[in-house]
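Have a look at the structure below before the remarks.
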Amino acid sequence: MNIWHQAVRLLRLTARAAGRAYYHACRTLPLDANLAVFASYWYRGYSCNPAAIYEEVRELAPSVRGVWIVDRRHRSRVPAGVPVVVAGSLAYYRALARATWLVNNVNFPGFVVKRRGSIHVQTHHGTPVKVMGVEQARFPATQRTDLTAVVRGCARWDYSITSNAHSTKVWKRSYPGRYKTLEYGYPRNDRLALAGPAEYAASRARLRIEPGTTVVLYAPTHRDHRAGFRPLFDTEEFADALGSDHLVLVRSHYLYAPSGESTHPRVGDVSAHPSIEELFLATVSRLPTSDEREACLKFMQSAESPEKGLQGVLWGLLNTREFLLQH
């Protein structure tokens, strides 16, 4: 490391220490009862459950001032009109110190202190079908995670939003704490539930998907034993097997670098796309056909009860080849 690199590193460390000292000084000021800070994916932009909550808060509680924290590199990912503070700035430290409401889909940094009267909302951002949190202690490949810091972060939570009963149980085991669980479903999924044909078509148009094309979205999760992203199968060979009326879109996990553009005409990289909801709308969402709708209604009418009928329809959908391939 040359002298210039050493000087830059020293300046960064000094700025961080000064910022945290400023944060602790701001903690002597009273909480701002109308200030809420939002963040997602370690300050990577405006997205996921926190973004959905922010939009509802703006409409339902206009007296609350929502501010988004983003890394300087991702400032452009925040929509126009959304107040922003850049991570590491004095405004950032001041907002964290004085906010009454703190909403995130991951933990805030370790220096953040849970103040009396503040409300921390953990929204999470996926479905836990792998080992996570403190349960990673059993697996040597995941020892890079500071599990003590994870537990300290959980101790700040007041509420944990979960998407289903399975997630509630797993989050409780993986991220232990005294928080209250809100099994309300993910706020980001409201967009999927309320969307119709017009929004499906608009999403496909924004992604430049040709009409009549069937799209397969390959979006695997992060694997702790892998240092980088590498598809588990040959996506180009897969696209060839599917045929000329299919398009394969690849989205790497946010902890990995993008997979890179393929030269294959029917394989695309959408890792940099800011909204997974948009990708879902464009790829795995469709309304039932008239025949499918009629079959479901007949089945429900013949069931013992509406509840049993709906359960049967849902289990049938979960076991279709279309759903199993896409999900």
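Coordinate-derived values only; no laboratory data. Computed from a predicted structure; not experimentally measured. So basically every Cβ, Gly included, is an ideal-geometry build from the backbone, and we count neighbours across all protein chains shown.
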The stretch 3-189 shape via C-alpha gyration tensor axes, a/c threshold 1.5: oblate
Average projected area [Cα convex hull, the chain], square nanometres: 21.4 nm²
Zero-based 5 Å bins, Cα pair distances in the stretch 195-283, whole percents: 3, 14, 25, 23, 19, 10, 5, 1, 0
Nearest 10 degrees, 0 to 90: helix 306-318 Cα axis against the chain principal axis: 90 degrees
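So how strong a dipole does the chain carry about its Cα centre when Lys and Arg Cβ are +1 and Asp and Glu Cβ are -1, to the nearest 20 debye?
2080 debye
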Exposure proxy ranking, count of Cβ atoms within 10 Å, fewest first, for GLU236, GLU294, GLU59: GLU59, GLU294, GLU236
Surrounding net charge for ARG178, when Lys and Arg each add one and Asp and Glu each subtract one, Cβ distance under 14 Å: +4
Charge dipole of the stretch 33-140 about the Cα centre (unit charges at C-beta), most positive-ward option of GLY110, TYR46, VAL131: GLY110
Helix 3-26 vs. the chain, principal-axis angle (Cα, 0 to 90°, nearest 10): 90 degrees
